[in-house]
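Input: a single structure, listed below in structure tokens.
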Amino acid sequence: VQLVESGGGLVQPDESLRLSCATSGITFRFYAMAWYRQAPGKQRELVAKITADGRRTYAHSVQGRTTISRDNDKKTMVLQLNSLKPEDTAKYYCNARLESTEYWGQGTQVTVSL
């Protein structure tokens, strides 16, 4: 099983990033997918999730400026981050979950700074 994140980088405040998670080795369409993030010295937190049937949930901190989507044919998940703020700086992780089975990617760094 592989979950590979891409799209992170260094951006200025108010700019946008599009993070992708490419998966292999799982029956993607059955899995709930999510993005988590972890900033230095802080706990990992949920950013957004999308269920197998497409229901979306967002953290309050990103609500209104973030969109999560999935492509079951391509077995990928995307997180569109807009109006980025310095407090969005963190390592972003892809997560796949089906009942008690869970997989994580290695993460992609997002840094928001002038």
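The values are calculated or read from the model by the stated rules, or taken from the named source; none is laboratory data. All figures in this text were calculated on a predicted structure; none of them were measured in a lab. No Cβ is skipped: glycine too gets one built from the backbone with ideal geometry, and neighbour counts run over all protein chains shown. Side chains are part of the model used for accessible areas, which takes the heavy atoms of the whole protein and leaves out ligands, DNA and RNA. Shrake-Rupley method; radii C 1.70, N 1.55, O 1.52, S 1.80 Å.
I'm trying to understand the selection: among the residues of the range 75-114, which are without any contact (Cβ under 8 Å) to a residue 12 or more places away in the chain and either in a strand (DSSP E or B) or not polar (S, T, N, Q) (or both)? If the condition is that a residue be without any contact (Cβ under 8 Å) to a residue 12 or more places away in the chain and either in a strand (DSSP E or B) or not polar (S, T, N, Q) (or both), then Glu99, Thr101, Glu102 are the ones that fit. Kindly evaluate Glu45 against the criterion of being acidic (Asp, Glu) and in contact (Cβ under 8 Å) with a residue 24 or more places away in the chain. No, not satisfied. The set of residues in the range 90-112 being more than 20 Å from Ala32 (Cβ to Cβ) and open to solvent by 30 Å² or more (accessible area, probe 1.4 Å) consists of Lys91, Gln109, Thr111. Looking at the range 28-49, is at least one residue in a loop (DSSP other than H, G, I, E, B), out of contact with any His (no Cβ under 9 Å at 6 or more places or on another chain) and charged (D, E, K, R)? There is at least one residue in the range 28-49 that is in a loop (DSSP other than H, G, I, E, B), out of contact with any His (no Cβ under 9 Å at 6 or more places or on another chain) and charged (D, E, K, R). Hey, among the residues in the range 41-63 that are touching a strand residue (DSSP E or B) at 6+ places or on another chain (Cβ under 8 Å) and more than 21 Å from Lys91 (Cβ to Cβ), which one's most open to solvent (accessible area, probe 1.4 Å)? Out of the qualifying residues, it is Arg56. Only one of the numbered conditions (1) modelled with pLDDT of 95 or more; (2) over 11 Å from the mean Cα position of the chain (by Cα) is violated by Gly107, and that is (2). Quick one: which of Thr111, Thr89 is of a type in the set (S, T, N, Q), under 22 Å from Glu15 (Cα atoms) and in contact with a Leu (Cβ under 8 Å, 6 or more places away or on another chain)? Among Thr111, Thr89, only Thr111 is of a type in the set (S, T, N, Q), under 22 Å from Glu15 (Cα atoms) and in contact with a Leu (Cβ under 8 Å, 6 or more places away or on another chain).
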